Amino acid sequence: MRYAVLSDIHANLEALQAVLADAAPRTDALLCLGDLVGYGADPVACIETVAARAQTLVCGNHEHAVTGLIDMEWFNAYARAAAEWTRERLDEDHRAYLASLPLVAEVGDATLVHASPDRPDEWEYLLTAQDGFDAFSAFTTRLCFVGHSHLAGVWSLGSSGPEYRVGAVDVELERGRRYLVNVGSVGQPRDRDPRAAYAIWDAERGTVSIRRIVYDVAAAREKILRGGLPRFLADRLAWGS
Ligand code: ZN
């Protein structure tokens with residue numbers, strides 16, 4: 001089985017469609033790590049597109065924000081404005097669907113979780129090499145896929161020592177090693193590369209590849225501006241930060 005693993009779509013339909021088009025000939029199934037909504041202008045289309053295709057989904061902190069499961073005091077001003085804007089555009093069915101998503105799921109020998117697998121409802125970011133290595137004790141599967149920081153990277157632990165690689169890496173999974181993979185963000189990359197990020201996990205061959213995909217940033221920015229969302233949320237798509 002070859003899985004496309006997507007995270008942090010953030011209501012960016014242009015980025016989502018470009019990633020799905022790239023993934024279609026290369027993968028058999030779709031897994032999603034949450035944050036379908038928040039920041040971008042197409043929350044409903046992104047929820048419906050992913051819900052129709054994903055084999056397994058877990059929820060992100062933005063799902064919890066728009067469904068009232070966490071207090072938005074916790075969010076910065078832009079995230080809060082986006083969550084309020086998004087909440088007004090979702091109907092009862094969308095909110096119920098988002099509220100029903102689990103925090104953690106397992107597919108084969110992989111754990112799926114939006115933020116750190118250690119206390120996933122506290123939404124801790126894995127930003128440094130050490131953050132990632134510390135999180136290995138919080139999952140029991142061989143692999144763990146995460147998002148949340150919008151920064152792609154792969155941590156691994158095994159007898160030949162710890163390893164951490166950032167960016168669009170290709171990894172051959174080695175026997176006896178375990179892996180923690182941040183798949184990056186489809187809809188709002190933050191590593192100064194505006195291209196959408198996602199991962200392909202080939203469970204038979206034992207490989208994980210992070211891919212970067214060009215999409216129509218101008219169209220996504222224009223919709224954010226026309227929709228009345230904060231201008232910063234449009235501009236950061238072009239900066240990739
Ligand atoms: Zn996010």
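The values are calculated or read from the model by the stated rules, or taken from the named source; none is laboratory data. All values derive from a computational prediction rather than experimental measurement. FYI the Cβ positions are ideal-geometry reconstructions off the backbone, even for glycines, and counts take in every protein chain you see. Please note that ligands, DNA and RNA were not included when accessible areas were found on the heavy atoms of the full protein model with its side chains. Shrake-Rupley method; radii C 1.70, N 1.55, O 1.52, S 1.80 Å.
Points worth noting:
- Contact order normalised by residue count of region 115-241, Cα under 8 Å, 6+ apart, percent: 20 percent
- With both residues required to sit in the chain, DSSP beta bridges show an antiparallel share near 65%.
- Residues residue 164 and residue 235, FRET efficiency given R0 of 35 Å [Cβ-Cβ distance, rounded to 0.05]: 0.70
- Percentage relative contact order, the chain, counting C-alpha pairs under 8 Å, at least six apart: 23 percent
- Put 2, 119 in order of accessible area, highest first, and with a 1.4 Å probe you get 119, 2.
- Leading residue at positive end of dipole, the chain (Cβ point charges), from 237, 141, 65: 237
- Assuming charge only on the beta carbon of Lys and Arg (+1) and of Asp and Glu (-1), the dipole of the chain about its Cα centre is about 580 debye to the nearest 20.
- The residue list 120, 208, 132 was ranked by how far each Cα lies along the charge dipole of the chain toward its positive end, using unit charges on Cβ atoms, and 208 comes out on top.
- Solvent-accessible surface (1.4 angstrom probe) belonging to residue 139, in square angstrom, nearest 10: 10 Å²
- Here region 67-102 is scanned for amide nitrogen atoms under 12 Å from the site 7 Å beyond the Cα of residue 48 along Cα-to-Cβ, giving 91, 94.
- Each Cα pair under 8 Å and six or more residues apart adds its separation to the average, and for region 40-160 the resulting relative contact order is 24 percent.
- Gyration tensor (Cα) of region 88-130, equivalent ellipsoid semi-axes in angstrom: 26, 15, 8
- Selected from 27, 86, 52, residue furthest toward positive end of dipole (region 2-239; charges at beta carbon): 27
- Kirkwood Rh, angstrom, region 84-193 [1 / mean 1/r, Cα pairs]: 15.2 Å
- Within region 34-81: Cβ-based charge dipole about Cα centre, in debye rounded to nearest 20 (Lys, Arg +1; Asp, Glu -1): 100 debye
- With q set to 0.18 Å⁻¹, the log10 of I(q)/I(0) for region 2-239, from the Debye formula over equal scatterers at the Cα positions, is -1.37.
- With all protein chains in place and ligands, DNA and RNA left out, the 1.4 Å accessible area ranks 155, 239 as 239, 155, largest first.
- Computed packing ranks the peptides 171-182, 140-151 as 140-151, 171-182, most packed first, by mean other Cβ atoms within 10 Å.
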